[in-house]
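The values are calculated or read from the model by the stated rules, or taken from the named source; none is laboratory data. In this text the structure is predicted, and so the values were computed from the model without any measurement. When we count neighbours, we look across all protein chains shown, and the Cβ atoms used for this are built from the backbone with ideal geometry, even at glycine.
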Amino acid sequence: MTTASREFVHGPRAWALLAALTLVSIFSQIDRILPYILAESIRTDLGLSDTELGLITGLAFAVCYTLFSLPLARAADRGSPRLVLLACLLVWSLMTGLGGLASGFVVLALTRLGVAVGEAGGTPSAHALIARRIAPEKRGVAIGLFAMGIPLGTMIGFIGGGLIDEAFGWRAAFLGAGALGLTVALIAWFAAGSTPPLRPRPEQVEPFSRSAMRLLTVPAFRWLMVAALAVGFATAPFYTFTAPFLIRTHGFTTAQVGLSFGLLQGLTGVIGALAGGRMFDRAMRRNTRHPLLAPAILLVVGAASTTGALFAPTGWMAITLSVPAMLGFAFLLPWVFGAGHRIAGPGKEALASSLGLIASGLLGPALAPVMVGLVSDGAAEAGLANGLGLALLIGPAFSVLTALALTAAGNRMRSSSA
């Protein structure tokens, strides 16, 4: 609550805002994952190693994204989220376009750092806009629509990126995404309307670090953060190196990877997120004995099937065996954020979400792709067959660890509410 009033929009204006924010979410994800589908073309054109590829897609992006997320979130909360969102969109779109002009590792890495800085404020400022402009009784639907941009953006990025790469080259994909992102920035600016800065009450100005440390003393929340940390190590290699794996091991083209993997990712992402949200609500209403067991089971199933995919004799079998993991990662999102909100309590939901994003987005995306790259390069030097497949076993291992941490968090949620 603040000393300034909030003007909610309804009807067509509300839907226009939500449509614009969904576009923002989609293009944020497209610009983030384009290097994944284009990784093999970029590596060949610029003469990069798998380790350098991992640094660009993992460490460079994740560190910058995490460092800037909290300051930009605070700016959106206390200032104008409309201005913050516009600035972030302009930065990440321009940097995506400039990535298409990169001549080597250093320049491409710097452009990815710029994309990370811009995208760090995208979700916080969009959520702040939703809180300012959408009435509370419709806010869950609004946030759900915004979150749908993740699987949809992944699908569009994989399919579009693969097709454009085949027809015009990887640079055209970066340049096109950057140009379209600038158009989306204008749409979001006009759809958002005026959002003057809010004046928080004195009791709301508690330092973020103090509130965060207090929340981290809760055992259930600590285990939830362990799960978020582990899933970052599980998902980052899966999405970073699946395209290179299918291209090198099974002879796929980037267009084939984009159409097959991208389409399945989009469909399973939408289904998983919607089903996960409904099942989480049902589990909380029924006060089940093991409140986080469902996503834990699905992650274990996904880990087993992904292990099989890495040693499958055909590419289509490998893609099919990857479906449970795609479904599990999307299914997990509402459970982690929903459980975090319940543990944190009213008024601290954003804090819980921020900590979850930091836990899942820093170490895993920063280190896991580099780990895979190092193991893959080492296996290649040793003359081992399917070195990239062996390196990608990191993902299933951390999926199992995520499931164990979720089970522990759920048991402590149950004991604290008993």
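Just one of the listed residues (Val84, Val91, Val117, Val63) is free of Cβ contacts under 8 Å to residues at least 40 places away in the same chain and among the aliphatic types (A, V, I, L, M), namely Val91.
For segment 81-121, the set of residues classified as among the aromatic types (Phe, Trp, Tyr) and surrounded by fewer than 21 Cβ atoms within 10 Å (Cβ to Cβ) consists of Phe105 only.
Looking at segment 264-274, can you tell me whether even one residue there is crowded, with 18+ Cβ neighbours inside 10 Å and among the polar types (S, T, N, Q)? Yes, the conditions are met somewhere in segment 264-274.
Just to check your reading of the model, which residue among Ser360, Ser353, Ser376 is crowded, with 17+ Cβ neighbours inside 10 Å and farther than 30 Å from Ala147 by Cβ? Ser376 is the lone residue from the list that is crowded, with 17+ Cβ neighbours inside 10 Å and farther than 30 Å from Ala147 by Cβ.
Here Ala188 clears all of (1) modelled with pLDDT under 85; (2) in contact with a helix residue (DSSP H, G or I) (Cβ under 9 Å, 6 or more places away or on another chain) except the condition numbered (1). Condition check for Phe68 on (1) under 20 Å from the mean Cα position of the chain (by Cα); (2) buried (at least 19 other Cβ atoms within 10 Å of the Cβ): one failure, at (2).
Taken over segment 34-53, the residue count meeting the criterion of being modelled with pLDDT of 85 or more and either outside the structural domain of Leu186 (by TED's automatic domain parsing) or part of a helix (DSSP H, G or I) (or both) is 8. I'd like the full set of residues that are under 16 Å from Leu34 (Cα atoms) and not hydrophobic (A, V, I, L, M, F, W, C), limited to segment 245-272. Within segment 245-272, Thr253, Thr254, Gln256, Gly258, Ser260, Gly262, Gln265, Gly266 qualify.
Across segment 309-320, the qualifying residues are those that are crowded, with 16+ Cβ neighbours inside 10 Å and part of a helix (DSSP H, G or I), and the one among them that is modelled with the lowest pLDDT is Gly315. Criterion applied to Ile56, Ile30 was being in a helix (DSSP H, G or I) and at pLDDT 80 or above, and the one residue passing it is Ile30. With respect to Arg201, is the statement that it is modelled with pLDDT of 80 or more and not assigned by TED's automatic domain parsing to the domain that holds Leu259 true? No, not satisfied. Filtering Arg278, Arg282, Arg289 for residues that are of a type outside the set (Ser, Thr, Tyr), assigned to a loop (DSSP other than H, G, I, E, B) and over 28 Å from Ala385 (Cα atoms) leaves a single hit, Arg289. Every test in (1) modelled with pLDDT under 80; (2) within 30 Å of Gly277 (Cβ to Cβ); (3) not charged (D, E, K, R) is passed by Ser194 save one, and that test is (2).
Scanning segment 219-254 for residues that are in a loop (DSSP other than H, G, I, E, B) and either outside the structural domain of Leu392 (by TED's automatic domain parsing) or surrounded by 22 or more Cβ atoms within 10 Å (Cβ to Cβ) (or both) yields a single hit, Phe252. Only a single criterion out of (1) over 20 Å from the mean Cα position of the chain (by Cα); (2) under 22 Å from Gly364 (Cβ atoms); (3) polar (S, T, N, Q) is not satisfied by Ser80, namely (2). Apart from one condition, Arg286 fits all of (1) under 20 Å from Leu246 (Cβ atoms); (2) surrounded by fewer than 19 Cβ atoms within 10 Å (Cβ to Cβ); the exception is (1). None of Val218, Val270 is of a type outside the set (Phe, Trp, Tyr), under 21 Å from the mean Cα position of the chain (by Cα) and modelled with pLDDT of 80 or more except Val270. Can you spot a residue in segment 321-331 that is surrounded by fewer than 19 Cβ atoms within 10 Å (Cβ to Cβ), modelled with pLDDT under 95 and within 22 Å of the chain's Cα centre (by Cα)? Checked against the condition, which is being surrounded by fewer than 19 Cβ atoms within 10 Å (Cβ to Cβ), modelled with pLDDT under 95 and within 22 Å of the chain's Cα centre (by Cα), segment 321-331 yields at least one hit.
As a summary of the residue check, Leu55 satisfies the conditions (1) touching a residue at least 60 places away in the same chain (Cβ under 8 Å); (2) under 25 Å from Ile358 (Cβ atoms); (3) under 17 Å from the mean Cα position of the chain (by Cα) except for the one numbered (3).
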